[in-house]
Amino acid sequence: MRKDHKVMRFLWIFLMLTVGSVIYALGVAYFLDPLDLAPGGLTGIGIILDNFIPLGPGIIVFILNVPILVVGLKKFGKEFLFSTCYSTILISILMDVFREWNHEMALTQDRMLAALAGGVCLAVGMGIVFRCGGTTGGVDVIIKLVHLKYRHVRTGTILLIIDFTIITASVIALKNIEIGLYAIVALFVNSMVFDLVLYGTDEAKLVYIVSNHHEEVADRLLKEISVGVTFLEGEGAYTREDKRVLMTVSKKQNFPKIKDVVKEVDPQAFMIVTSATEVFGVGFKNAHHEEL
């Protein structure tokens, strides 16, 4: 039974890596590459170089990826070989295949629409691949390698420097500042949608509850809404009475239920509600994704 489960899991991961790679390649071939939009990464470099070395962006990206993948394989092992190498090779092939099918024509000649659609496709494709434990190669692998030695360096900082350098290079090489500006739009959309696909809607509500019926409130929150509750020790500054303050974090959609429970148990309860932009832990964002 356990063996069957492993086989099914392998097949599912293989399927999702394929789906993610197809979506990523479609975004490049049908929206970004035909209009020379290069929103960072090795894909962006491939789109730029294809104007001077007409091999096709897929082949160029593959060539650039080879030394990076060799180093990555030595550092990260066999699991890396399957997930990342498979996605990288498939994306490289499909970019040029889709490009030929599309006769190098974009689905839209409006650069803004192309930047938005292309950015979304790249983000969704990358997000699916990342959720399966892989990467799309290139800069992603470089960042993982950098983090092996310099864990304090933030992923966002590295990506920002690399991507804007590539966008600047596209403006200089193609002598068109509009291309760079639209590429920035694609990059921004890619970043926003990628986080949404990888982490989901992460915004949460942080709630502090001061009630004389704290035990009952906590019990109902645990049983009826399945949110974690922590007791904090407090003291009333005026009464000098000891107070137990409840602290809980929940998905935004669960907050109305929390409010109703507190109101039912203790209409006189005091509640402080604020937004939590990032929450790490069970039921929320996985901290391991942030290490990429």
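The values are calculated or read from the model by the stated rules, or taken from the named source; none is laboratory data. All values reported here derive from a predicted model rather than from experimental measurement. Note: ideal-geometry Cβ built from the backbone for every residue, glycine included; neighbour counts use all protein chains shown.
Annotations
- Filter pass, Leu15 being at pLDDT 90 or above and either farther than 27 Å from Ala169 by Cβ or not assigned by TED's automatic domain parsing to the domain that holds Val146 (or both): yes
Matching residues to (1) touching a helix residue (DSSP H, G or I) at 6+ places or on another chain (Cβ under 9 Å); (2) in a helix (DSSP H, G or I); (3) modelled with pLDDT of 85 or more:
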site	(1), (2), (3)
Ser191	yes, yes, no
Leu198	yes, yes, no
Val207	yes, no, yes
Glu215	no, yes, yes
Lys223	no, yes, no
Leu232	no, no, yes
Arg244	yes, no, yes
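- Number of positions in segment 235-244 that are closer than 15 Å to Glu215 by Cα and either surrounded by 12 or more Cβ atoms within 10 Å (Cβ to Cβ) or among the hydrophobic types (A, V, I, L, M, F, W, C) (or both): 2
- None of Ile53, Ile91 is β-branched (Val, Ile, Thr) and under 21 Å from Val171 (Cβ atoms) except Ile53.
- Conditions (1) under 25 Å from Val146 (Cα atoms); (2) surrounded by 17 or more Cβ atoms within 10 Å (Cβ to Cβ); (3) at pLDDT 90 or above: number failed by Leu69: (3)
- Filtered residues of segment 33-72 (kept if of a type in the set (A, V, I, L, M, F, W, C) and within 20 Å of the chain's Cα centre (by Cα)): Ala38, Leu42
- Hits in segment 85-110 (condition: among the charged types (D, E, K, R), touching a residue at least 24 places away in the same chain (Cβ under 8 Å) and not in a helix (DSSP H, G or I)): Glu104
- Checking Val120 against (1) modelled with pLDDT of 90 or more; (2) touching a Lys or Arg at 6+ places or on another chain (Cβ under 9 Å); (3) assigned to a helix (DSSP H, G or I), the condition it does not meet: (2)
- Of residues in segment 123-152 being without any contact (Cβ under 8 Å) to a residue 24 or more places away in the chain and assigned to a helix (DSSP H, G or I), the one nearest to Leu37 (Cα to Cα): Val146
- Among the conditions (1) closer than 28 Å to Cys132 by Cα; (2) at pLDDT 85 or above; (3) basic (Lys, Arg), Lys252 misses just one, which is (2).
- Residue that is small (Gly, Ala, Ser), surrounded by fewer than 22 Cβ atoms within 10 Å (Cβ to Cβ) and touching a helix residue (DSSP H, G or I) at 6+ places or on another chain (Cβ under 6 Å), where the choices are Gly27, Gly20, Gly44, Gly56: Gly56
- Output for segment 159-168, where each listed residue is among the aliphatic types (A, V, I, L, M) and farther than 17 Å from Leu35 by Cβ: Leu159, Leu160, Ile161, Ile162
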